[in-house]
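Q: Following this message is one structure expressed as structure tokens.
The values are calculated or read from the model by the stated rules, or taken from the named source; none is laboratory data. Everything quoted here is computed from the prediction, not taken from an experiment. With ideal geometry, Cβ positions are generated from the backbone for all residues, glycine too; neighbour counts draw on all protein chains shown.
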């Protein structure tokens, strides 16, 4: 089974019915494995964006409680690599959440990164490996 790592964009799109990418995200979720991985930075971003835009966060918590979203990343263990990634891509600039997701992909060979963020086309795992993306473009 191929593992999936979810970014903030598709997570918001799943939860917000009038999001531009909602239909696409729902269709992708039907093809998803029983659970997808993410990091606390993505959860934090999603909660912030939901609140900022006047949406409730209950559905995000429901996805966690149902076991569909699994937070599986330890910043303390990976902070050196996160710093390296953020320094390397400072010209984009790479967000903390993006750096965590790239590191998660490095730690999960063969995983697909479910995203709406085009910056992931430029980021590389282990300096030269292209990320496998599940994206609408």
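Q: Among the residues of the range 38-64, which ones are assigned to a loop (DSSP other than H, G, I, E, B) and touching a residue at least 12 places away in the same chain (Cβ under 8 Å)?
A: Result: 39, 53, 55.
Q: Okay, moving on. Inspect the range 1-19 for any residue being in a loop (DSSP other than H, G, I, E, B) and either under 11 Å from the mean Cα position of the chain (by Cα) or modelled with pLDDT under 95 (or both) and give the result as yes or no.
A: Within the range 1-19, one or more residues are in a loop (DSSP other than H, G, I, E, B) and either under 11 Å from the mean Cα position of the chain (by Cα) or modelled with pLDDT under 95 (or both).
Q: With the requirement that a residue be over 15 Å from residue 8 (Cα atoms), in a loop (DSSP other than H, G, I, E, B) and in contact with a helix residue (DSSP H, G or I) (Cβ under 6 Å, 6 or more places away or on another chain), what does the range 74-111 give you?
A: Residues satisfying the conditions are 92, 111.
Q: Taking residue 67 as the residue in question, decide whether it is surrounded by fewer than 16 Cβ atoms within 10 Å (Cβ to Cβ), touching a residue at least 24 places away in the same chain (Cβ under 8 Å), outside any strand (DSSP E or B) and touching a strand residue (DSSP E or B) at 6+ places or on another chain (Cβ under 9 Å).
A: Spelling it out, it is not the case that residue 67 is surrounded by fewer than 16 Cβ atoms within 10 Å (Cβ to Cβ), touching a residue at least 24 places away in the same chain (Cβ under 8 Å), outside any strand (DSSP E or B) and touching a strand residue (DSSP E or B) at 6+ places or on another chain (Cβ under 9 Å).
Q: Next up: Are any residues in the range 40-55 more than 12 Å from residue 12 (Cβ to Cβ) and out of contact with any helix residue (DSSP H, G or I) (no Cβ under 7 Å at 6 or more places or on another chain), and if so, which ones?
A: Quick first cut of the range 40-55, residues more than 12 Å from residue 12 (Cβ to Cβ) only: 40-41, 44, 54.
40, 44, 54 - these are the residues of the range 40-55 that are more than 12 Å from residue 12 (Cβ to Cβ) and out of contact with any helix residue (DSSP H, G or I) (no Cβ under 7 Å at 6 or more places or on another chain).
Q: Which one is surrounded by the most Cβ atoms within 10 Å (Cβ to Cβ), of the residues in the range 1-37 that are within 16 Å of residue 104 (Cβ to Cβ) and without any contact (Cβ under 8 Å) to a residue 60 or more places away in the chain?
A: Among them, the one singled out is 11.
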